[in-house]
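Colleague: Before I ask anything, let me first share the structure, which is written out below as structure tokens.
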Amino acid sequence: MNTAAAFADFRSYPLISALTAAHPLADRIVVYWADGRISPYHHVWLRDNCPCPQCVYTVTREQVLEIVDVPEDLAPATLRIDDGGCLCIDWQDGHASRFDPGWLRAHAYDDETRAERQAGKPKSRLWDSSLSLPVFEFAALKEDPKALLQWLVALRDTGLTQVRGVPTEPGSLAEVARLISFIRPTNFGVLFNVQSKADADSNAYTAFNLPLHSDLPTRELQPGLQFLHCLVNDAEGGESIFVDGFAIADALRREDPAAFRALSEIPVEFRNKDRNSDYRCLAPVIALDSSGQVSEIRMANFLRGPFEASVEQMPVLYGAYRRFIAMTREARFRVMQRLNPGELWCFDNRRTLHARNAFDPATGTRHFQGCYIDRDELLSRILVLQR
């Protein structure tokens, strides 16, 4: 059963357990569930999250209430569980709130429920050279929302996917990318051509080896997703190489904690300069989220500026940086595969480092097209498809 009554959301929430009782305390209401769970909710939290039309605009489902407009000492005058199983509160100032039990349980913040919710969040699946590459067919992605969702979840959790059966006409990549969202333009354009050219403004537009890197670490927000679509690949060489930056960071944390700490604490400047632009960003190679988990890898040695650190930190930073790059070269982490016409890579640019072997342009044509989409767009598309 999914409950959908009296809450300001576009989603419905499963009725995990029914409300059995609610008791008032000085600053909170304690709710008892049929499965034995006990959840306290502070008065201020309940009033702040009232879903009624006075507090939430019903068209946009966005809050109009500001908590500063509610008395600090506001408390319930009466409370009850109605015939629909909802928690109903009549406040001392005359306002009334009604909370759906599915919504209330989904947002409970007792220790047990928070731990349960944390455990249920999507987890990155770390991989190494033994990766079973997630592969999808373009025709299925266009026609079947379930197939599209499977691809996006694989992209979110694994960070590296391949799509096959894509037309090889220039510009076809845009149709694939827009299955997720709009394309993020950069100084390289909306779609950029990856091919050797004499007046290259990036090492990507040459024929020589590109070491493992993330794209645009010079930006405050690196692009979340990168697409590379093969139109022609007749030249010898040019194999694609990938490593899971999260897996390397995880191994580094276990094998050399001091190096991990240095790369997650000491910022490094990356620079991308050409005749018409000059982008720079100072940030650690390894970014951590609020819970201490790795959330981003920022690395492109060919775009790195001189290190700036204290005299004491400089040798520590160099030691850690050398160790990280050395690990990206270890066979245990590397996946290498040649991309054929009509195939494309789609990967998490803030996680999966990519490289390219040198190729010989005298032996044939090599033409890829690429583009970027922000990671937020991927996560939003997944949630919409799931609901």
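Colleague: Taking amide H atoms as placed 1.01 Å from N in the peptide plane, list the residues 5 or more away in sequence, or in a different chain, whose amide H sits under 5 Å from that of residue 352.
Modeller: Amide H neighbours of residue 352, under 5 Å, 5+ apart: 245.
Colleague: Something else: For the ranges 165-176, 367-378, what's the packing order if you count other beta-carbon atoms within 10 Å of each residue, average per peptide, and put the highest first?
Modeller: The peptides rank, most packed first, as 367-378, 165-176.
Colleague: Could I ask something else about it? Can you divide the C-alpha Rg of the stretch 2-119 by 2.2 N^0.38 Å and report the result to two decimal places? Write out the running numbers ahead of the final one.
Modeller: Working: Rg = 13.7 Å, N = 118, 2.2 N^0.38 = 13.5 Å.
After normalising by residue count via 2.2 N^0.38 Å, the value is 1.02.
Colleague: Could you order peptides 353-365, 66-78, 310-322, 214-226 by the average number of other Cβ atoms within 10 Å of their residues, highest first?
Modeller: Result, highest mean first: 214-226, 353-365, 310-322, 66-78.
Colleague: Within the set 123/146; 121/273; 142/273, which residue pairs have Cα atoms separated by over 29 Å?
Modeller: 121/273; 142/273, as the Cα separations exceed 29 Å there.
Colleague: What's the ranking of 239-247, 118-126 by average number of surrounding C-beta atoms within 10 Å, highest first?
Modeller: The peptides rank, most packed first, as 239-247, 118-126.
Colleague: Sticking with this one: In 5 Å bins starting at zero, report the fraction of Cα pairs in the stretch 135-386 per bin as a rounded %.
Modeller: 1, 6, 13, 17, 19, 17, 13, 8, 4, 1, 0, 0
Just so you know, all these numbers are worked out from the coordinates, no wet-lab data involved. Note that the structure is predicted; figures quoted are calculated from it, not measured. Counting neighbours? That spans all protein chains shown, and the Cβs are built from the backbone with ideal geometry, glycine included.
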